[in-house]
Amino acid sequence: METAARSRAWRAILILCGLILLGSAAELRAGTLLSPGAGVLVRKSAEPFGVFAFAISSGGLQQKWSTLKDKLDDDMVQLALCDGDRDNCVSPAALKLLAIVDQARARDGRARLGETNRAINLAIHAANDGTDDVWSSPLATFVRGAGDCEDYAIAKLAALRLAGVAAEDLRIVVVRDTRAGEEHAIAAARLDGHWLMLDNRRMAMVEDDAERSYQPLFVLHQSAVLKYADQPVMASVH
């Protein structure tokens, strides 16, 4: 009797272990990652590059993004007004950006993203801000006709918003280019659950997991700045 009871107990333990192992395997198949130094499985981040990120409330980058947001909101209002009344728009920069938006609106899905990436890459000349590292609003960039990596990315976000892409599907990602040994900023757009990189260094778009030389540092969207886990803090983007 005691032997039978012990046998049933061991059988229950083995069944339980089997269920745990099956559950872990199912989670791994769903795209989970084993967090460093922990014995539990956690889900992959929904942010570009799939790396976990947490909100920060201070630092140079957060201050730059907060300052830029006010200018960006003003630009979006002016662009919307010009979009509704092109004949009375007094901003050549707004009309130039809206011409790109019109081309993007005529396309759908990946073609819309690709058209925006290509057109803005061609419309802006690459120029370094130097040590000041000024983050310009879209209209300021188009007035100047030049900018560095984050200016391209900011202009692409504005154009895509006007073209109908939802704000929650757009990001600016600050990365370290391990090949060039420098920081870099790119726009990212989510399409069908995948993040595409809209980079001023290339016309073709690639998915985030194909960017082998980019190490993600920060991700910016709407009013939030997120720092990727286990990445060094960056003072500025050149």
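All of the numbers you see were taken from the coordinates with simple rules; none came from a lab. Since the structure is predicted, the reported quantities are computational estimates derived from the model, not experimental observations. So basically every Cβ, Gly included, is an ideal-geometry build from the backbone, and we count neighbours across all protein chains shown.
Remarks
- For the listed residue pairs Lys69/Lys156; Lys44/Lys156; Lys44/Lys227; Lys69/Lys96; Lys71/Lys227, the alpha carbons are over 18 angstrom apart in Lys44/Lys156; Lys69/Lys96; Lys71/Lys227.
- For His194 and Lys71, the FRET efficiency from 1/(1 + (r/R0)^6), where r spans their Cβ atoms and R0 equals 35 Å, is about 0.70.
- Neighbourhood charge, 12 Å Cβ-Cβ cut-off, centred on Ala104 and excluding it, Lys, Arg +1 and Asp, Glu -1: +4
- Partner aspartates and glutamates for Lys64 [C-alpha distance under 18 Å; skip if fewer than 8 residues away on the same chain]: Asp73, Asp74, Asp75, Asp129, Asp132, Asp133, Asp148, Glu150, Asp151, Glu183
- What separates the Cα centres of region 53-67 and region 118-168 is a distance of 19 Å.
- Gain upon complete extension [Ala127, Asp108; 0.36 nm per residue less C-alpha separation]: 3.8 nm
- Pair-distance distribution P(r) for region 55-228, from all Cα-Cα distances in 10 Å bins starting at 0: 10, 41, 38, 11, 1 percent.
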